[in-house]
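These notes concern the structure reproduced below.
The values are calculated or read from the model by the stated rules, or taken from the named source; none is laboratory data. Predicted, not measured: the structure shown is a model, and the values here were computed from it. Please note: Cβ atoms are built from the backbone with ideal geometry, for glycine as well, and neighbour counts cover all protein chains shown. Surface areas here come from the heavy atoms of the whole protein model, side chains and all, with no ligands, DNA or RNA. Shrake-Rupley method; radii C 1.70, N 1.55, O 1.52, S 1.80 Å.
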Amino acid sequence: MLLRVKNLKKYFPVKHGFVIERTVGHVKAVDNVNLHLERGETYGLVGESGCGKTTIGKTILRLHDPSAGKIMVDDKETSHFFMKKREAKEFLKREYVDKAEGLKKQYKSVDGVMANTEEYENQYYKYYFDNGEEKFYDFMMKDIKKKRMNFRRNVQIVFQDPTSSLNPRMTVGQALMEPLLFHGVVKNKLQAKERILEMLRTVGLKAYHADRYPHQFSGGQRQRVAVARAIVLDPNLIILDEPTSALDVSVQAQIIRLLKELQDKLNAGYLFISHDLGVVRYISNYVGVMYLGRMVEYGVGDEVFDKPEHPYAQALLNAAPVPDPNKRRDRKQFIITGQVPSPMNRPKGCFFNPRCKFAMDECKQKYPPYYAINDKHFVACYLYKENEVVKGD
Ligand code: SF4
């Protein structure tokens, strides 16, 4: 599995006081979110501003440390790559040194340990038995650093605003050269130049664009540069955070078409964050609808878009433009009243209950579990409590 997010939480502390600072609460930006994604697929995250979509993307990328939960990329737990030195030492002692010593006692010899443990653990145990504890820690810290660099290379992001995500002092050629040399993808500058020209061609730019600065491009061209920078390292996973919302509609279409073509070529997985429902529908295999930090409904894209079941998802998705206006359901039926509650002070029970016209007593008591509409479509709403309860992932 390319990406697996399990029970992810990201809480931001809210502090008050100038002289003595104290935490007065937490903004629960992401709360118990699960999702998974395979290579070559796109997962669309939708929801109104402030629902936690971007925080999920940034937390996966480790621009934020998660408060709890697991993020696995290519079946590897990524939090291990970002541990501080002391934390890493404690982890290594617990996971390898103590285990290796325990196994040595159990099998009564080092050879016994080697014969009875999995191959991938063997290489670490062997190094520990051959070189002792201190050298083992040094070796493992280098291993962790290597994995962290690999992660940085394999997971890339395209931000909403290409103007602020590109360095104004660097030409496009320099901006693309930097990661290539840093990650050692190419052996020398000549190879790097060849790769940069290939990338510029791939995103529909010309060789002479390599000598230009970001301010010399149009918005659409700048976003093409940002896409080129994301793909130059040949990543497996690309987080696309509102990649088209700062662009004109015609340019949006070009960028979306480009992203689709690149996905076919690179077989990368996309996490596509957007509030543009039409674009999400076009590009996504799976869709998750978020409200106040939680996924209220998720499943296969067409299923969720054609038959949204959660009252919030119904209102949100019914607002998306459809080619045939006769197919749209009665809009008035889906209008939501009231304001989005503060993420610091969310309502008890289902967070949507103060705005939901179907709210029942139990909705005000406990947050609903996920109910299966079918094996491709799940919803957190008590209206479907007759259905089978499923786990969030
Ligand atoms: Fe409405 Fe209750 Fe469903 Fe929440 S759980 S969306 S309040 S019906």
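Listed values, structure above:
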quantity: Pairs of alpha carbons in the chain whose separation is greater than 42 Å (percent); calculated: 24
quantity: Carbon and sulfur %, accessible surface of the chain computed with the full protein complex present, 1.4 Å; calculated: 49
quantity: DSSP H segments from the chain that extend 20 Å or more along their own axis, Cα-based, with Kyte-Doolittle mean of 0.0 or above; calculated: 249-266
quantity: Unsatisfied cross-links (Cα-Cα over 28 Å) in the set Lys76/Lys366; Lys70/Lys187; Lys6/Lys146; Lys53/Lys89; Lys53/Lys99; calculated: Lys76/Lys366; Lys70/Lys187; Lys53/Lys89; Lys53/Lys99
quantity: Net length gained if the chain between Leu181 and Asn32 were fully extended (0.36 nm per residue, minus Cα distance); calculated: 49.8 nm
quantity: Accessible area per residue in Å² at 1.4 Å probe, computed on the chain; calculated: 53
quantity: Solvent-free Debye scattering, log10 I(q)/I(0), computed from the Cα coordinates of the range 173-274 at q = 0.15, 0.17 Å⁻¹; calculated: -0.60, -0.78
quantity: Relative contact order, percent, the range 85-142 [alpha-carbon distance under 8 Å, six or more residues apart]; calculated: 40
quantity: Calculated FRET efficiency for the pair Val389/Asp98, C-beta based, R₀ 45 Å, to 0.05; calculated: 0.75
